[in-house]
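K.L.:
After the structure tokens below, expect a handful of questions from me.
The values are calculated or read from the model by the stated rules, or taken from the named source; none is laboratory data. Model, not experiment: these values are computed from the prediction. Neighbour counts run over all protein chains shown; Cβ positions are idealised from the backbone, glycine included.
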Amino acid sequence: MCDSQQDQLVAWLKEQGHSPVEIEKIMAKVAEYDAQTLRESIFDSINSGHIDLSALVREALAADEGQEGVDTTRE
């Protein structure tokens with residue numbers, strides 16, 4: 001979630017009458033859900049062939065060696 005989306009959500013929660021403590025708890029749950037959704041999306045992309053897992057592995061290993069720029073997408 002980008003900062004502007006987060007700010008909009010916090011503003012909306014305030015308008016709904018939530019306390020700062022409640023907003024903190026809600027935002028922590030949103031962040032948890034966001035991370036889970038991202039992981040699921042990545043695995044869906046790998047399973048569907050939109051992300052090349054072999055290229056992703058090469059990119060991860062190249063980063064350790066100071067190299068970057070491997071294209072992990074399939075078109």
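K.L.:
Among the residues of region 43-52, what is the count of those that are surrounded by 13 or more Cβ atoms within 10 Å (Cβ to Cβ) and part of a helix (DSSP H, G or I)?
P.N.:
Number of matching residues: 2.
K.L.:
Further, regarding this structure: Kindly indicate which of 59, 24 is assigned to a helix (DSSP H, G or I) and at pLDDT below 90.
P.N.:
The conditions single out 59.
K.L.:
Just to verify a result, which residue in region 1-28, among those that are under 24 Å from residue 39 (Cβ atoms) and among the charged types (D, E, K, R), is surrounded by the fewest Cβ atoms within 10 Å (Cβ to Cβ)?
P.N.:
3
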